[in-house]
Each structure stands twice: as structure tokens, then as C-alpha cells.
1. Report, by residue number, each residue of region 31-53 that is open to solvent by 90 Å² or more (accessible area, probe 1.4 Å) and modelled with pLDDT under 75.
2. Considering only residues that are assigned to a helix (DSSP H, G or I) and more than 26 Å from K45 (Cα to Cα), which ones fall in region 19-34?
3. Hey, can you tell me all the residues within region 7-25 that are over 24 Å from V35 (Cβ atoms) and of a type in the set (V, I, T)?
4. Please determine, by comparing only the residues of region 2-30 that are of a type in the set (G, A, S) and open to solvent by less than 100 Å² (accessible area, probe 1.4 Å), which one is modelled with the lowest pLDDT.
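The values are calculated or read from the model by the stated rules, or taken from the named source; none is laboratory data. Just so it is clear, the structure is predicted and the values come from calculations on it, not from any experiment. Note: ideal-geometry Cβ built from the backbone for every residue, glycine included; neighbour counts use all protein chains shown. Remember, those area values only see protein heavy atoms, side chains included, never the ligands or the DNA or RNA. Shrake-Rupley method; radii C 1.70, N 1.55, O 1.52, S 1.80 Å.
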Amino acid sequence: LAGTHIICDRKFLLECKNSPVARTPPCCLPPTPAVTSLAQSSLVKLEELKERNESEEAMPGEQPRHVVS
């Protein structure tokens with residue numbers, strides 16, 4: 001066999017998760033909705049949630065409602 005077997009322990013992998021490099025997508029990846037970029041429907045949902053949160057903040061005195069979907 002001519003391959004290389006790389007062994008990483010759990011602690012090392014968990015530390016890599018918080019690395020700034022892990023949060024930056026590679027420069028040569030093609031755009032793929034919902035994988036390398038948010039899908040358009042996800043952007044619409046995010047905007048709706050943002051608007052709902054802003055309108056709830058504008059109405060003090062009312063209890064916020066938590067919707068489970």
C-alpha cells in the first residue's frame with residue numbers, strides 16, 4: 001500500500017474547529033447553494049426573522065413568543 005494514514009486525536013480536532021482558517025471557505029470552491037453559500041430561501045427566512053425580532057423589540061411590555069418549527 002502506498003498511502004499515508006493520518007491519525008488525529010479528538011482534542012486536536014476540536015481545537016481545529018475554532019481556528020480562523022476553519023471558518024474561511026477555500027478560495028477555489030465553486031459556489032454551491034446551501035453548501036458554500038446560503039441558499040436563497042435561507043436568506044429570505046433570515047430577513048423575516050430579523051424583521052420579526054426588530055418589531056418585537058419595538059413593542060416593549062409584550063412577552064416574546066417562541067415558535068417551534
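1. Step one: of region 31-53, the residues open to solvent by 90 Å² or more (accessible area, probe 1.4 Å) are 31, 33, 35, 38, 40, 45-48, 50-52.
Within region 31-53, P33, V35, L38, Q40 qualify.
2. Correct list: P20, V21.
3. Correct list: I7 only.
4. Our first condition is that a residue be of a type in the set (G, A, S); within region 2-30, this holds for 2-3, 19, 22.
Then drop every residue that is not open to solvent by less than 100 Å² (accessible area, probe 1.4 Å), which leaves 3, 19, 22.
Working: G3: 77, S19: 87, A22: 82.
Among those residues, the one meeting the criterion is G3.
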